[in-house]
1. Give the stretch 338-360 a look and list any residue that's closer than 24 Å to Gln145 by Cα and open to solvent by 70 Å² or more (accessible area, probe 1.4 Å), or say none.
2. What's the number of the condition Lys152 fails, among (1) charged (D, E, K, R); (2) within 16 Å of the ligand (Cβ to nearest atom); (3) surrounded by fewer than 21 Cβ atoms within 10 Å (Cβ to Cβ); (4) not in a loop (DSSP other than H, G, I, E, B)?
3. Take the stretch 230-254 and flag every residue that is surrounded by fewer than 19 Cβ atoms within 10 Å (Cβ to Cβ) and modelled with pLDDT of 95 or more.
4. Do we have Lys208 as out of contact with any Lys or Arg (no Cβ under 8 Å at 6 or more places or on another chain), more than 30 Å from Ile331 (Cβ to Cβ) and surrounded by 17 or more Cβ atoms within 10 Å (Cβ to Cβ) here?
5. When only residues in the stretch 103-120 that are β-branched (Val, Ile, Thr) and open to solvent by 30 Å² or more (accessible area, probe 1.4 Å) count, which is nearest to the ligand (Cβ to nearest atom)?
6. Of Asn325, Asn297, which residue is away from the ligand (no atom under 16 Å from the Cβ) and of a type in the set (S, T, N, Q)?
7. For the structure I just gave you, tell me whether Thr227 is at pLDDT below 95, more than 16 Å from Pro291 (Cβ to Cβ) and β-branched (Val, Ile, Thr).
Amino acid sequence: MDLLIGGGLAAFTIYAAAKWQKSDQDKIQHTFKNIGYLVKDKTPKLFKTTRSDTYMLYTYHVPFGLVDDPKLQVLEKVLNKPVKISFVNTKLHIKVFNQQLPKLIDYDWKPTERWNIPIGKSYNGSILHDFDKIPHMTIAGMTRQGKTVLLKLIFAHLILNNPDDVEFYIIDLKGGLEFGEYENMKQVKFVASDVDEAEQCLSSVMDKVKEDMRYFKAKGYRNIVDTKIKRRRFVIVDEGAQLTPSKHHTKEQRKKFDYCQYTLGEISRISGALGTRLIFGNQYPTVDNLPREVKQNSDAKISFRLPTEIASRVAIDEHGAEKLNNAGRAIYRTHEKHIMQVPYIDDKDISERLGVYNVSSASPETTSRREDTVEFG
Ligand SMILES: Nc1ncnc2c1ncn2[C@@H]1O[C@H](COP(=O)(O)OP(=O)(O)OP(=O)(O)O)[C@@H](O)[C@H]1O
């Protein structure tokens, strides 16, 4: 019943605001009343407005007992503009953005600083993810929403910025269809396309991580970012759910799945300071197919559209991904949360731009298991 009344009021508020040509400030004030965001007839009082190029920020004193409330989200529809609501230092902040995000942004191939990747455009401008600050990332999203495009964007931009210092270990559980064509690039050390190869790939990464650990200990290093070591190693998993054992697998197969899940957890737990970064992509994250340690150690979580609020909570620890509404639209969650449009990149573009890094197929380095020595310093 409450829901019905609440829904009716919200619909009325949206209708009324559209009909009366009021300023955003007026509309917000009316909305407080209409949706019952008040205490004993006292509604929030506007205390400050701050204008920027991209938004207008309204700051309110609120009566004691009121905090930010999900029902204020109705303002998005009342104002027909993107709105961000937060409660900071006992004040209510309502940020009203001037523009909707574009539905398509082409990737522009502009280099950035070292390990910073332009993963999206938010209402506030470009979002750069710095893999030296936040080493591990999870990426979730239903089919055809943009996970693989984002993984390829990260891959391509890392090579653009650091062609001589980046190396990749890729577990492409779409049978190698997505990353197989890049396996001859000098930066790509391994492309695994099934669980047997994933086991070998991860075992090889683990050996290297242990090697790094011994080296760091001997040198007294704590974190790669405080050393002169330029090399960074990226482990990319596309469709991590394929590493979940099920009752149809044999005992032998299950052992392999368990090993892969355990090793990904270990990599996320110990290797960040040593220069290895894990990016774990997964269609529909559940507690079974998103290894707990990977989730806990990934301080950056990205989600494209997911089917349910529950899946959104597993992926990014809060609701919202179930409401995203076009391919390439995602939530980027670190200590902050941003809605962004991921730049679009296609395979042809990557092959043309990065083709120079293809090593000759005659070279012994071109097998899917190139085990180059790691260079330090
Ligand atoms: N950033 C983007 N901007 C606009 N369109 C996009 C973007 N990313 C993906 N798309 C569209 O969605 C399609 C599917 O993208 P992608 O291959 O990344 O899906 P996916 O999430 O990996 O799905 P699946 O898990 O089924 O492979 C693309 O071919 C493209 O048409």
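The values are calculated or read from the model by the stated rules, or taken from the named source; none is laboratory data. Please read all numbers here as calculations on a predicted model, not as lab measurements. With ideal geometry, Cβ positions are generated from the backbone for all residues, glycine too; neighbour counts draw on all protein chains shown. Ligands, DNA and RNA are stripped out before the accessible areas are found, and what is left, the full protein with its side chains, is counted by its heavy atoms. Shrake-Rupley method; radii C 1.70, N 1.55, O 1.52, S 1.80 Å.
1. At the first step, the residues of the stretch 338-360 found to be closer than 24 Å to Gln145 by Cα are 338-351.
Within the stretch 338-360, Tyr344, Lys348 qualify.
2. Of (1) charged (D, E, K, R); (2) within 16 Å of the ligand (Cβ to nearest atom); (3) surrounded by fewer than 21 Cβ atoms within 10 Å (Cβ to Cβ); (4) not in a loop (DSSP other than H, G, I, E, B), only one is false for Lys152: (3).
3. Within the stretch 230-254, Lys230, Arg231 meet the criteria.
4. Numbers: out of contact with any Lys or Arg (no Cβ under 8 Å at 6 or more places or on another chain): no; more than 30 Å from Ile331 (Cβ to Cβ): yes; surrounded by 17 or more Cβ atoms within 10 Å (Cβ to Cβ): yes.
The answer is no for Lys208.
5. Restricting attention to the stretch 103-120, the residues satisfying the condition of being β-branched (Val, Ile, Thr) are 105, 112, 117, 119.
Within this subset, residues satisfying the condition of being open to solvent by 30 Å² or more (accessible area, probe 1.4 Å) are 105, 112.
Values: Ile105: 7, Thr112: 18 Å.
So, considering only residues that are β-branched (Val, Ile, Thr) and open to solvent by 30 Å² or more (accessible area, probe 1.4 Å), the one nearest to the ligand (Cβ to nearest atom) is Ile105.
6. Numbers: Asn325 fails: away from the ligand (no atom under 16 Å from the Cβ).
Result: Asn297 is the single residue among Asn325, Asn297 that is away from the ligand (no atom under 16 Å from the Cβ) and of a type in the set (S, T, N, Q).
7. No; evaluated as a whole, the condition is false for this residue.
The rows are residues; the columns are (1) away from the ligand (no atom under 16 Å from the Cβ); (2) assigned to a helix (DSSP H, G or I); (3) closer than 15 Å to Phe131 by Cβ.
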{"site": "Lys230", "(1), (2), (3)": "yes, no, yes"}
{"site": "Arg254", "(1), (2), (3)": "yes, yes, no"}
{"site": "Leu278", "(1), (2), (3)": "yes, no, yes"}
{"site": "Tyr284", "(1), (2), (3)": "no, no, no"}
